[in-house]
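Have a look at the structure below, then the notes.
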Amino acid sequence: MAATTIALLELNNAGEVFAELGQNAMELFLEEFRNRTLRFLRSDDELIEVQPTKLCLLLKNVTDRVQIELAGAKLHRLFDPPFSIADEEVNARVHTAFVPPGASSEDSRNRLRVAESGLNEARRQNRFFVIQEYPATNHVASFRRYREIERAFERGEFVMYFQPLVDSCHRKVVSGEALMRWHDPQLGVRSPDQFIPYLERSAILKSLTWFALKSAVAQAARWPSETTVAVNVSPMLLHDDELIPHVADALSIFGLAPQRLTLEITEDAVVEDPRGAIEVLSRLREIGVQIAIDDFGTGYSSLAAFRELPVDTLKIDRSFVANMVDHPRDNDIVRAIIDLAHALSMKVVAEGVEDLNTAAALQGLGADVLQGFWFGMPMTAAEFEQLLG
Ligand code: C2E
Ligand code: CA
Ligand code: CA
(Lines give C-alpha, C1' and ligand atoms only; values in the text may rest on other atoms or scores of the structure.)
(Ligands and ions follow the chains in the order given, each with its own letter.)
Protein backbone atom coordinates (compact mmCIF):
# COMPACT_ATOMS: atom_id res chain seq x y z
CA MET A 1 0.00 0.00 0.00
CA ALA A 2 1.31 3.44 -0.88
CA ALA A 3 2.24 5.74 1.99
CA THR A 4 -0.84 7.55 3.24
CA THR A 5 -1.29 10.40 5.66
CA ILE A 6 -4.38 10.31 7.82
CA ALA A 7 -6.24 13.50 8.60
CA LEU A 8 -8.95 13.31 11.22
CA LEU A 9 -11.28 16.32 11.27
CA GLU A 10 -13.72 17.08 14.00
CA LEU A 11 -16.49 19.65 14.06
CA ASN A 12 -16.93 20.78 17.64
CA ASN A 13 -19.86 23.15 17.72
CA ALA A 14 -22.66 21.23 16.02
CA GLY A 15 -24.34 20.83 19.43
CA GLU A 16 -24.39 24.59 19.94
CA VAL A 17 -25.90 25.14 16.51
CA PHE A 18 -28.59 22.60 17.38
CA ALA A 19 -29.33 24.33 20.69
CA GLU A 20 -29.51 27.81 19.20
CA LEU A 21 -30.91 27.27 15.70
CA GLY A 22 -32.57 23.86 15.80
CA GLN A 23 -32.37 20.51 14.08
CA ASN A 24 -32.60 21.71 10.48
CA ALA A 25 -29.85 24.22 10.90
CA MET A 26 -27.63 21.60 12.48
CA GLU A 27 -28.14 19.26 9.54
CA LEU A 28 -27.20 22.04 7.11
CA PHE A 29 -24.19 22.78 9.25
CA LEU A 30 -23.02 19.15 9.09
CA GLU A 31 -23.62 19.06 5.35
CA GLU A 32 -21.52 22.16 4.84
CA PHE A 33 -18.78 20.66 7.02
CA ARG A 34 -18.71 17.63 4.75
CA ASN A 35 -18.87 19.71 1.54
CA ARG A 36 -15.97 21.91 2.46
CA THR A 37 -13.95 18.87 3.40
CA LEU A 38 -14.76 17.28 0.04
CA ARG A 39 -13.48 20.38 -1.74
CA PHE A 40 -10.10 19.71 -0.21
CA LEU A 41 -9.79 16.14 -1.49
CA ARG A 42 -7.90 15.14 -4.60
CA SER A 43 -9.01 12.30 -6.84
CA ASP A 44 -6.88 9.60 -5.18
CA ASP A 45 -7.89 10.51 -1.66
CA GLU A 46 -10.63 8.87 0.35
CA LEU A 47 -13.11 10.11 2.88
CA ILE A 48 -14.50 7.92 5.65
CA GLU A 49 -17.28 9.20 7.83
CA VAL A 50 -16.50 8.10 11.39
CA GLN A 51 -19.41 10.18 12.70
CA PRO A 52 -21.30 13.06 11.08
CA THR A 53 -19.04 15.41 13.07
CA LYS A 54 -15.87 13.40 12.51
CA LEU A 55 -14.37 12.74 9.11
CA CYS A 56 -11.29 10.70 8.39
CA LEU A 57 -9.31 11.44 5.22
CA LEU A 58 -6.72 9.19 3.62
CA LEU A 59 -4.35 11.43 1.71
CA LYS A 60 -2.28 9.58 -0.87
CA ASN A 61 0.16 12.23 -2.02
CA VAL A 62 0.85 13.99 1.20
CA THR A 63 3.78 12.33 2.85
CA ASP A 64 6.39 14.64 4.29
CA ARG A 65 6.09 17.29 6.93
CA VAL A 66 6.22 20.23 4.55
CA GLN A 67 3.36 18.83 2.49
CA ILE A 68 1.37 18.22 5.64
CA GLU A 69 1.93 21.79 6.83
CA LEU A 70 0.70 23.04 3.45
CA ALA A 71 -2.31 20.73 3.54
CA GLY A 72 -3.13 21.95 7.06
CA ALA A 73 -2.95 25.58 5.97
CA LYS A 74 -5.15 24.93 2.94
CA LEU A 75 -7.75 23.11 5.00
CA HIS A 76 -7.72 25.94 7.51
CA ARG A 77 -8.42 28.48 4.75
CA LEU A 78 -11.35 26.38 3.57
CA PHE A 79 -12.95 26.54 7.00
CA ASP A 80 -12.17 30.15 7.64
CA PRO A 81 -15.21 31.84 6.00
CA PRO A 82 -18.32 31.50 8.21
CA PHE A 83 -21.05 29.05 7.19
CA SER A 84 -24.34 30.65 6.12
CA ILE A 85 -27.00 28.69 7.97
CA ALA A 86 -30.65 29.75 8.21
CA ASP A 87 -29.80 33.42 7.57
CA GLU A 88 -27.11 33.31 10.20
CA GLU A 89 -23.35 33.39 9.85
CA VAL A 90 -21.86 30.62 11.94
CA ASN A 91 -18.18 29.92 12.43
CA ALA A 92 -17.31 26.26 12.36
CA ARG A 93 -15.06 25.16 15.19
CA VAL A 94 -12.92 22.51 13.53
CA HIS A 95 -9.82 20.70 14.75
CA THR A 96 -7.65 18.42 12.67
CA ALA A 97 -5.00 15.84 13.48
CA PHE A 98 -2.61 14.67 10.79
CA VAL A 99 -0.80 11.37 11.25
CA PRO A 100 2.08 10.98 8.78
CA PRO A 101 2.86 7.54 7.36
CA GLY A 102 4.74 5.45 9.92
CA ALA A 103 6.25 1.97 9.78
CA SER A 104 4.90 -0.33 7.08
CA SER A 105 3.43 -2.79 9.55
CA GLU A 106 1.16 -0.25 11.17
CA ASP A 107 -2.49 -1.15 11.29
CA SER A 108 -5.10 1.42 10.53
CA ARG A 109 -7.03 1.09 13.80
CA ASN A 110 -3.93 1.93 15.73
CA ARG A 111 -3.31 4.97 13.54
CA LEU A 112 -6.83 6.14 14.09
CA ARG A 113 -6.18 6.00 17.84
CA VAL A 114 -3.05 8.07 17.33
CA ALA A 115 -5.15 10.55 15.37
CA GLU A 116 -7.72 10.67 18.19
CA SER A 117 -5.04 11.60 20.65
CA GLY A 118 -3.86 14.25 18.17
CA LEU A 119 -7.37 15.70 18.22
CA ASN A 120 -7.27 15.91 22.02
CA GLU A 121 -4.04 17.80 21.70
CA ALA A 122 -5.41 20.18 19.06
CA ARG A 123 -8.41 20.94 21.28
CA ARG A 124 -6.19 21.45 24.28
CA GLN A 125 -3.87 23.80 22.42
CA ASN A 126 -6.79 25.41 20.62
CA ARG A 127 -5.15 24.95 17.23
CA PHE A 128 -6.72 24.23 13.89
CA PHE A 129 -4.34 21.37 13.26
CA VAL A 130 -1.56 19.36 14.84
CA ILE A 131 0.76 16.79 13.33
CA GLN A 132 0.73 13.76 15.57
CA GLU A 133 3.74 11.57 14.88
CA TYR A 134 3.34 7.86 15.19
CA PRO A 135 4.97 6.89 18.50
CA ALA A 136 8.68 6.31 17.85
CA THR A 137 8.70 2.63 18.63
CA ASN A 138 5.82 1.16 16.83
CA HIS A 139 4.76 -1.11 19.65
CA VAL A 140 1.32 -1.37 21.05
CA ALA A 141 2.78 -1.46 24.57
CA SER A 142 4.55 1.85 24.23
CA PHE A 143 1.51 3.37 22.63
CA ARG A 144 -0.57 2.23 25.56
CA ARG A 145 1.94 3.89 27.84
CA TYR A 146 1.67 7.05 25.78
CA ARG A 147 -2.10 7.15 26.21
CA GLU A 148 -1.72 6.47 29.91
CA ILE A 149 0.58 9.49 30.22
CA GLU A 150 -1.76 11.64 28.19
CA ARG A 151 -4.68 10.81 30.47
CA ALA A 152 -2.56 11.41 33.55
CA PHE A 153 -1.77 14.87 32.21
CA GLU A 154 -5.45 15.58 31.64
CA ARG A 155 -6.16 14.52 35.23
CA GLY A 156 -3.53 16.96 36.48
CA GLU A 157 -1.15 14.33 37.86
CA PHE A 158 2.02 16.11 36.73
CA VAL A 159 3.62 18.53 39.17
CA MET A 160 6.84 20.46 39.34
CA TYR A 161 9.44 19.75 42.01
CA PHE A 162 12.32 22.09 42.75
CA GLN A 163 15.92 21.26 43.55
CA PRO A 164 18.07 23.89 45.29
CA LEU A 165 21.15 25.41 43.66
CA VAL A 166 23.50 26.98 46.18
CA ASP A 167 26.16 29.62 45.94
CA SER A 168 29.47 27.74 46.33
CA CYS A 169 30.97 30.20 48.87
CA HIS A 170 28.08 30.97 51.19
CA ARG A 171 26.01 27.87 50.50
CA LYS A 172 22.93 30.04 50.26
CA VAL A 173 20.10 28.89 47.97
CA VAL A 174 20.21 31.12 44.91
CA SER A 175 17.99 29.21 42.51
CA GLY A 176 15.67 26.23 42.06
CA GLU A 177 15.67 23.88 39.08
CA ALA A 178 12.15 22.83 38.16
CA LEU A 179 12.00 19.06 37.61
CA MET A 180 8.85 17.29 36.62
CA ARG A 181 7.23 14.49 38.59
CA TRP A 182 4.23 12.32 37.91
CA HIS A 183 2.06 11.73 40.97
CA ASP A 184 0.71 8.37 39.91
CA PRO A 185 -2.17 7.39 42.24
CA GLN A 186 -1.16 3.71 41.97
CA LEU A 187 2.62 3.82 41.74
CA GLY A 188 3.49 6.97 43.66
CA VAL A 189 5.96 9.64 42.57
CA ARG A 190 7.54 8.83 39.20
CA SER A 191 10.54 10.53 37.63
CA PRO A 192 10.95 11.83 34.08
CA ASP A 193 12.83 8.79 32.75
CA GLN A 194 9.55 6.91 33.22
CA PHE A 195 7.61 9.19 30.92
CA ILE A 196 9.72 11.59 28.84
CA PRO A 197 11.23 8.88 26.60
CA TYR A 198 7.71 7.85 25.54
CA LEU A 199 6.80 11.35 24.50
CA GLU A 200 9.55 12.14 22.05
CA ARG A 201 8.36 13.99 18.98
CA SER A 202 4.80 13.99 20.31
CA ALA A 203 2.50 16.93 20.67
CA ILE A 204 2.00 16.21 24.35
CA LEU A 205 5.65 16.90 25.14
CA LYS A 206 4.90 20.44 24.09
CA SER A 207 1.93 20.75 26.40
CA LEU A 208 4.00 19.33 29.24
CA THR A 209 6.82 21.80 28.60
CA TRP A 210 4.50 24.81 28.46
CA PHE A 211 2.90 23.54 31.65
CA ALA A 212 6.34 23.19 33.31
CA LEU A 213 7.29 26.69 32.23
CA LYS A 214 4.09 28.28 33.53
CA SER A 215 4.07 26.47 36.86
CA ALA A 216 7.77 27.13 37.48
CA VAL A 217 7.38 30.82 36.71
CA ALA A 218 4.23 31.00 38.86
CA GLN A 219 6.13 29.51 41.82
CA ALA A 220 9.20 31.70 41.38
CA ALA A 221 7.02 34.80 41.46
CA ARG A 222 6.33 33.93 45.13
CA TRP A 223 10.01 33.62 46.06
CA PRO A 224 12.32 36.41 47.27
CA SER A 225 13.39 38.60 44.40
CA GLU A 226 17.02 37.43 44.45
CA THR A 227 16.04 33.76 43.89
CA THR A 228 15.91 32.55 40.30
CA VAL A 229 14.28 29.53 38.65
CA ALA A 230 15.58 27.17 35.96
CA VAL A 231 13.35 25.31 33.50
CA ASN A 232 14.42 22.52 31.14
CA VAL A 233 13.52 22.93 27.48
CA SER A 234 13.69 19.74 25.47
CA PRO A 235 15.85 19.95 22.33
CA MET A 236 12.85 19.25 20.16
CA LEU A 237 11.19 22.47 21.30
CA LEU A 238 14.15 24.78 20.89
CA HIS A 239 13.10 25.59 17.35
CA ASP A 240 9.38 25.59 18.00
CA ASP A 241 7.67 28.83 16.96
CA GLU A 242 5.65 28.82 20.15
CA LEU A 243 8.60 28.76 22.53
CA ILE A 244 9.28 32.48 22.60
CA PRO A 245 5.62 33.56 22.89
CA HIS A 246 5.12 31.05 25.73
CA VAL A 247 8.15 32.33 27.61
CA ALA A 248 7.05 35.94 27.19
CA ASP A 249 3.47 35.09 28.23
CA ALA A 250 4.50 33.20 31.34
CA LEU A 251 6.70 36.10 32.47
CA SER A 252 4.05 38.72 31.92
CA ILE A 253 1.15 36.73 33.38
CA PHE A 254 2.98 36.09 36.66
CA GLY A 255 4.98 39.30 36.68
CA LEU A 256 8.40 37.66 36.96
CA ALA A 257 11.43 39.72 35.96
CA PRO A 258 12.98 37.99 32.92
CA GLN A 259 16.45 37.83 34.51
CA ARG A 260 14.98 35.51 37.14
CA LEU A 261 14.23 32.80 34.58
CA THR A 262 16.97 30.52 33.23
CA LEU A 263 16.21 28.14 30.39
CA GLU A 264 18.33 25.00 30.36
CA ILE A 265 19.14 23.62 26.93
CA THR A 266 21.22 20.45 26.57
CA GLU A 267 24.55 20.64 24.89
CA ASP A 268 23.59 18.18 22.14
CA ALA A 269 20.61 20.33 21.14
CA VAL A 270 23.05 23.11 20.38
CA VAL A 271 25.66 20.93 18.68
CA GLU A 272 23.10 19.54 16.23
CA ASP A 273 22.29 22.94 14.79
CA PRO A 274 24.60 25.67 16.09
CA ARG A 275 23.38 28.38 13.70
CA GLY A 276 19.74 27.77 14.50
CA ALA A 277 20.59 27.68 18.19
CA ILE A 278 22.37 31.04 18.06
CA GLU A 279 19.30 32.60 16.50
CA VAL A 280 16.81 31.24 19.03
CA LEU A 281 19.05 31.85 22.03
CA SER A 282 19.69 35.43 20.92
CA ARG A 283 15.98 36.09 20.68
CA LEU A 284 15.41 34.64 24.12
CA ARG A 285 18.19 36.79 25.45
CA GLU A 286 16.55 39.86 23.96
CA ILE A 287 13.55 39.12 26.17
CA GLY A 288 16.03 39.12 29.05
CA VAL A 289 15.98 35.47 30.17
CA GLN A 290 19.21 33.66 31.04
CA ILE A 291 20.47 30.65 29.11
CA ALA A 292 22.28 27.66 30.61
CA ILE A 293 23.86 24.81 28.67
CA ASP A 294 22.89 21.60 30.46
CA ASP A 295 24.84 18.32 30.66
CA PHE A 296 27.92 20.15 29.46
CA GLY A 297 30.85 17.89 28.59
CA THR A 298 28.78 15.03 27.20
CA GLY A 299 28.18 16.40 23.72
CA TYR A 300 31.66 16.22 22.22
CA SER A 301 31.47 19.82 21.16
CA SER A 302 34.62 21.82 20.97
CA LEU A 303 34.63 24.25 23.84
CA ALA A 304 35.51 27.04 21.43
CA ALA A 305 32.19 26.58 19.63
CA PHE A 306 30.52 28.02 22.70
CA ARG A 307 32.33 31.29 22.29
CA GLU A 308 29.82 32.24 19.62
CA LEU A 309 26.81 31.38 21.70
CA PRO A 310 24.75 33.82 23.73
CA VAL A 311 25.01 31.73 26.89
CA ASP A 312 25.23 32.78 30.55
CA THR A 313 25.97 29.51 32.31
CA LEU A 314 27.52 26.10 31.71
CA LYS A 315 26.25 23.22 33.82
CA ILE A 316 28.93 20.55 34.13
CA ASP A 317 27.41 17.13 33.68
CA ARG A 318 27.23 15.07 36.82
CA SER A 319 29.18 12.19 35.26
CA PHE A 320 32.35 14.31 35.62
CA VAL A 321 31.46 15.65 39.03
CA ALA A 322 30.54 12.31 40.61
CA ASN A 323 34.06 10.87 40.53
CA MET A 324 36.25 13.93 40.44
CA VAL A 325 37.60 13.41 43.93
CA ASP A 326 38.94 9.93 43.10
CA HIS A 327 39.71 10.32 39.39
CA PRO A 328 42.30 12.96 38.50
CA ARG A 329 41.20 12.93 34.86
CA ASP A 330 37.65 13.93 35.77
CA ASN A 331 39.05 16.55 38.09
CA ASP A 332 41.12 17.96 35.20
CA ILE A 333 38.10 18.08 32.92
CA VAL A 334 36.07 19.91 35.53
CA ARG A 335 38.90 22.38 36.06
CA ALA A 336 39.25 22.98 32.29
CA ILE A 337 35.52 23.62 31.88
CA ILE A 338 35.47 26.06 34.80
CA ASP A 339 38.50 27.99 33.52
CA LEU A 340 37.19 28.18 30.00
CA ALA A 341 33.72 29.27 31.08
CA HIS A 342 35.21 32.02 33.19
CA ALA A 343 37.45 33.13 30.34
CA LEU A 344 34.26 33.50 28.27
CA SER A 345 32.51 35.34 31.13
CA MET A 346 30.12 32.51 31.81
CA LYS A 347 29.11 31.16 35.19
CA VAL A 348 29.54 27.51 36.10
CA VAL A 349 27.07 25.24 37.86
CA ALA A 350 28.30 21.81 38.94
CA GLU A 351 25.50 19.25 39.18
CA GLY A 352 25.44 15.91 40.99
CA VAL A 353 27.28 17.02 44.13
CA GLU A 354 26.65 14.16 46.53
CA ASP A 355 29.16 14.71 49.32
CA LEU A 356 31.10 17.30 51.24
CA ASN A 357 34.50 16.50 49.67
CA THR A 358 33.19 17.05 46.18
CA ALA A 359 31.60 20.32 47.24
CA ALA A 360 34.91 21.48 48.72
CA ALA A 361 36.89 20.43 45.62
CA LEU A 362 34.49 22.33 43.36
CA GLN A 363 34.65 25.40 45.51
CA GLY A 364 38.46 25.17 45.32
CA LEU A 365 38.35 25.06 41.52
CA GLY A 366 36.12 28.12 41.44
CA ALA A 367 32.72 26.67 40.49
CA ASP A 368 30.13 29.37 41.11
CA VAL A 369 27.05 27.35 41.98
CA LEU A 370 26.55 23.79 43.25
CA GLN A 371 23.61 21.44 42.88
CA GLY A 372 23.16 17.90 44.14
CA PHE A 373 21.72 15.56 46.73
CA TRP A 374 24.22 16.87 49.28
CA PHE A 375 22.38 20.19 49.30
CA GLY A 376 18.89 18.88 48.71
CA MET A 377 16.86 16.48 46.61
CA PRO A 378 14.18 17.75 44.27
CA MET A 379 11.25 18.65 46.57
CA THR A 380 7.71 19.95 46.37
CA ALA A 381 7.13 23.65 45.81
CA ALA A 382 5.92 24.01 49.42
CA GLU A 383 9.06 22.36 50.80
CA PHE A 384 11.26 24.52 48.60
CA GLU A 385 9.53 27.66 49.81
CA GLN A 386 10.17 26.62 53.42
CA LEU A 387 13.84 26.17 52.59
CA LEU A 388 13.95 29.75 51.40
CA GLY A 389 12.58 30.81 54.78
P1 C2E B 1 18.67 17.18 34.22
O2 C2E B 1 18.12 18.43 33.62
O3 C2E B 1 20.11 16.91 34.02
O4 C2E B 1 18.27 17.23 35.76
C5 C2E B 1 19.11 16.84 36.80
C6 C2E B 1 18.78 15.44 37.21
O7 C2E B 1 19.80 15.00 38.11
C8 C2E B 1 17.48 15.33 38.00
O9 C2E B 1 16.91 14.09 37.69
C10 C2E B 1 17.95 15.35 39.44
O11 C2E B 1 17.06 14.72 40.32
C12 C2E B 1 19.23 14.57 39.31
N13 C2E B 1 20.17 14.89 40.37
C14 C2E B 1 20.32 16.05 41.02
N15 C2E B 1 21.28 15.99 41.93
C16 C2E B 1 21.79 14.74 41.87
C17 C2E B 1 22.83 14.05 42.58
O18 C2E B 1 23.49 14.59 43.46
N19 C2E B 1 23.07 12.77 42.23
C20 C2E B 1 22.36 12.13 41.27
N21 C2E B 1 22.64 10.87 40.98
N22 C2E B 1 21.37 12.76 40.56
C23 C2E B 1 21.08 14.03 40.87
P24 C2E B 1 15.38 13.94 37.31
O25 C2E B 1 14.55 14.89 38.10
O26 C2E B 1 15.06 12.49 37.35
O27 C2E B 1 15.34 14.44 35.81
C28 C2E B 1 15.98 13.73 34.80
C29 C2E B 1 15.97 14.50 33.52
O30 C2E B 1 14.65 14.63 33.01
C31 C2E B 1 16.48 15.93 33.67
O32 C2E B 1 17.88 15.91 33.67
C33 C2E B 1 15.88 16.58 32.46
O34 C2E B 1 16.65 16.31 31.32
C35 C2E B 1 14.56 15.86 32.32
N36 C2E B 1 13.50 16.70 32.89
C37 C2E B 1 13.08 16.84 34.16
N38 C2E B 1 12.07 17.71 34.26
C39 C2E B 1 11.85 18.18 32.99
C40 C2E B 1 10.94 19.11 32.42
O41 C2E B 1 10.11 19.75 33.10
N42 C2E B 1 11.03 19.32 31.08
C43 C2E B 1 11.95 18.67 30.31
N44 C2E B 1 11.98 18.93 28.99
N45 C2E B 1 12.81 17.79 30.80
C46 C2E B 1 12.77 17.54 32.13
CA1 CA C 1 18.61 20.48 33.76
CA1 CA D 1 21.89 18.10 33.72
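The values are calculated or read from the model by the stated rules, or taken from the named source; none is laboratory data. Everything quoted here is computed from the prediction, not taken from an experiment. When we count neighbours, we look across all protein chains shown, and the Cβ atoms used for this are built from the backbone with ideal geometry, even at glycine. The area values use the complete protein model at the heavy-atom level, side chains included, leaving out ligands, DNA and RNA. Shrake-Rupley method; radii C 1.70, N 1.55, O 1.52, S 1.80 Å.
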If we sort 367-377, 190-200 on the protection proxy, mean other Cβ atoms within 10 Å, highest first, what's the order? 367-377, 190-200
How tilted is helix 356-365 with respect to the longest principal axis of the chain? Cα atoms for both, answer in degrees (0 to 90, nearest 10). 80
Which value, in Å² and to the nearest 10, is the accessible area of D312 when all protein chains are kept and the probe is 1.4 Å? 30
Across 20 Å bins from the origin, how do the percents of Cα pairs in the chain run, short distances first? 24, 48, 23, 4, 0
Ranked by how many other beta carbons lie within 10 Å on average, peptides 39-48, 227-236 from highest: 227-236, 39-48
Go through segment 72-88 residue by residue and turn each phi into a ³J(HN,Hα) via Karplus (6.51, -1.76, 1.60, θ = phi - 60°); whole Hz please, and just put x for glycine and proline. x, 5, 5, 4, 4, 4, 4, 9, 5, x, x, 7, 8, 10, 6, 6, 10
As a percent rounded to 5, the proportion of antiparallel DSSP bridges among beta bridges in the chain is 60
Pop out the ³J(HN,Hα) list for segment 175-190 in order, Karplus 6.51 cos²θ - 1.76 cosθ + 1.60 with θ = phi - 60°, rounded to Hz; leave Gly and Pro as x. 7, x, 8, 7, 10, 7, 10, 9, 7, 7, x, 8, 9, x, 7, 10
Taking 8 Å as the Cα distance limit and 6 or more residues as the minimum spacing, I'd like the relative contact order of the chain as a percentage. 12
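Taking a ≥ b ≥ c as the square roots of the eigenvalues of the Cα gyration tensor of segment 41-134, is the shape rounded (a/c under 1.5), prolate (a/b larger than b/c) or oblate? All intermediate terms of the calculation are to be shown ahead of the outcome.
On the way: a/c = 1.78, a/b = 1.66, b/c = 1.07.
Here segment 41-134 falls in the prolate category.
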Nearest 5 is fine: what % of DSSP beta bridges in segment 271-389 come out antiparallel, could you say? 0
Going by amide H atoms built from the backbone, whose H comes under 5 Å of the H on E177, apart from near neighbours? Q163, L165, A230
What percent of all Cα-Cα pairs in segment 1-47 falls in each 5 Å bin, counting up from 0? 5, 18, 24, 17, 14, 11, 7, 4, 2
Among the lysines, which fall within straight-line cross-link reach of K347, defined as a Cα-Cα distance under 26 Å, with same-chain neighbours fewer than 8 residues apart omitted? K172, K214, K315
For segment 321-328, Karplus couplings with θ = phi - 60° (6.51, -1.76, 1.60), whole Hz, Gly/Pro x: 6, 3, 10, 5, 6, 9, 10, x
Residue-normalised accessible area of the chain, expressed per residue, 1.4 Å probe, Å²: 48
